[in-house]
Amino acid sequence: MCAISGNVHGTDEKGRLYRRTLMRYCSLSAVLILRSVSTAVFKRFPTMDHVVEA
């Protein structure tokens, strides 16, 4: 998050939306990776439908 906020500049709405979208993709990537490694995350998100709902 610090790398994104430090490198994606802009104080307008477009910059804010771009940073938010990038963070959503980063969070999704982390969940998908952790699902295959961590049993606690897999229990929280057992299927892709649970990921989509969250």
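3J(HN,Hα) along region 16-21: 5, 5, 5, 5, 5, 5 Hz, from the Karplus curve 6.51 cos²θ - 1.76 cosθ + 1.60 with θ = phi - 60°, whole Hz, x for Gly and Pro. Rounded to the nearest 20 debye, the dipole magnitude of the chain is 100 debye, with +1 charges on Lys and Arg beta carbons, -1 on Asp and Glu beta carbons, and the Cα centre as origin.
Using a 1.4 angstrom probe on the protein heavy atoms only, line up Thr39, Thr21, Thr11 by accessible area, largest first. Please report the intermediate quantities before stating the final value.
Numbers: Thr39 105, Thr21 65, Thr11 150 Å².
So the residues, ranked largest to smallest area, are Thr11, Thr39, Thr21.
Across the options His50, Tyr25, Asn7, the greatest Cα extent toward the positive end of the charge dipole of region 4-54 (unit charges at beta carbon of Lys, Arg, Asp, Glu) belongs to Asn7.
Split the accessible area of the chain by element, probe 1.4 Å, and carbon with sulfur accounts for 63%. Seen from every direction in turn and averaged, the convex hull around the alpha carbons of the chain projects onto 4.3 nm².
The values are calculated or read from the model by the stated rules, or taken from the named source; none is laboratory data. The structure presented is a predicted model; accordingly, all values stated were derived computationally and were not measured. No Cβ is skipped: glycine too gets one built from the backbone with ideal geometry, and neighbour counts run over all protein chains shown. When the accessible area is computed, the model is the full protein with side chains, heavy atoms only, and any ligands, DNA or RNA have been set aside. Shrake-Rupley method; radii C 1.70, N 1.55, O 1.52, S 1.80 Å.
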